[in-house]
Amino acid sequence: MTRETTSFVYVTYIRSTPQKVFEAIIKPDVARRYWGHENVSDWKAGSKWEHIRANDERTVELVGKVVEISPPTRLVITWANASQADDPSKTSRVTFAIEEYDTMVRLTVCHDELEAGSGMAKGVSQGWPAVLSSMKSFLETGSGIDLFAKPKSALIAAGA
């Protein structure tokens, strides 16, 4: 039986350079500042990468392999929860395409080969917009956004 897959694509424009956008994805000390995680690898095709929470516990939450890397314009990685890394049906793929666009950069993130209806598919459709908005804010202003913020309606309902 063939599993049904889905894709999530997000495009944003950032006042930055391709090199700075690429580094924001692969350099742990930069990613930590807008994502709260570090992407750790030697960034060579075929190498593993780990998505590590930037706190005292240093939990490895996501893992994968570097499929393709062409700095500063393209990075393709596989993506799986660390606890499901041995199950190929739970692995998806993320492609970062970075291109100069007038005086800015167009960043296209395509997360595909996602299992349709899965928790991962739902999670990335909510997670990527927040993470990439935070990256944009960080690169343009020096500060990321609060990735754990809640909608005002949720705060009002909670009496906050």
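The values are calculated or read from the model by the stated rules, or taken from the named source; none is laboratory data. If you're wondering where the values come from, they're calculated on a predicted model, not measured in any experiment. Quick reminder, even Gly has a Cβ in these numbers, built from the backbone with ideal geometry, and neighbours come from all protein chains shown. Only protein heavy atoms, including side chains, enter the accessible area calculation; ligands, DNA and RNA are left aside. Shrake-Rupley method; radii C 1.70, N 1.55, O 1.52, S 1.80 Å.
As a summary of the residue check, Gly46 satisfies the conditions (1) part of a helix (DSSP H, G or I); (2) under 15 Å from Leu75 (Cβ atoms); (3) out of contact with any helix residue (DSSP H, G or I) (no Cβ under 7 Å at 6 or more places or on another chain); (4) not hydrophobic (A, V, I, L, M, F, W, C) except for the one numbered (1).
For segment 65-103, a residue qualifies if it is closer than 15 Å to Val21 by Cβ and among the charged types (D, E, K, R), and the qualifying residues are Arg74, Glu99, Glu100, Asp102. Taken over segment 58-76, residues that are within 14 Å of the chain's Cα centre (by Cα) and not basic (Lys, Arg) amount to 7. Pairing each residue of segment 75-86 that is farther than 17 Å from Ser118 by Cα with any residue that is assigned to a strand (DSSP E or B) and of a type outside the set (A, V, I, L, M), provided the two are 6+ apart or on different chains, yields C-beta distances under 7 Å for Leu75/Phe96; Val76/Glu68; Val76/Arg93; Val76/Thr95; Ile77/Trp49; Ile77/Gly64; Ile77/Lys65. Scanning segment 54-67 for residues that are part of a strand (DSSP E or B) and either touching a Pro at 6+ places or on another chain (Cβ under 9 Å) or open to solvent by 70 Å² or more (accessible area, probe 1.4 Å) (or both) yields a count of 2.
Of the residues making up segment 108-126, those that are open to solvent by less than 30 Å² (accessible area, probe 1.4 Å) and either out of contact with any strand residue (DSSP E or B) (no Cβ under 6 Å at 6 or more places or on another chain) or in a helix (DSSP H, G or I) (or both) number 3.
Taking each residue of segment 130-155 that is within 18 Å of Glu23 (Cα to Cα) and looking for partners that are open to solvent by less than 70 Å² (accessible area, probe 1.4 Å) and part of a loop (DSSP other than H, G, I, E, B) with beta-carbon atoms closer than 6 Å, six or more apart or interchain, yields Ser134/Gly144; Ser134/Leu147; Ser137/Gly144; Phe138/Gly144; Leu139/Ser16.
Condition check: open to solvent by 40 Å² or more (accessible area, probe 1.4 Å) and among the polar types (S, T, N, Q). Does Asn81 satisfy that?
On the way: open to solvent by 40 Å² or more (accessible area, probe 1.4 Å): yes; among the polar types (S, T, N, Q): yes.
Against the criterion (open to solvent by 40 Å² or more (accessible area, probe 1.4 Å) and among the polar types (S, T, N, Q)), Asn81 qualifies.
When segment 16-43 is limited to residues that are without any contact (Cβ under 8 Å) to a residue 60 or more places away in the chain and in a loop (DSSP other than H, G, I, E, B), the one that is nearest to Ala149 (Cα to Cα) turns out to be Lys27. Screening segment 77-107 for residues that are in a strand (DSSP E or B) and basic (Lys, Arg) and picking the one that is nearest to the chain's Cα centre (by Cα) gives Arg93.
Once segment 1-51 is narrowed to residues that are acidic (Asp, Glu) and touching a Gly at 6+ places or on another chain (Cβ under 9 Å), the residue that is least open to solvent (accessible area, probe 1.4 Å) is Glu50. Residue-level analysis places Ser70 outside the set of residues that are open to solvent by 50 Å² or more (accessible area, probe 1.4 Å) and either in contact with a Cys (Cβ under 8 Å, 6 or more places away or on another chain) or hydroxyl-bearing (Ser, Thr, Tyr) (or both).
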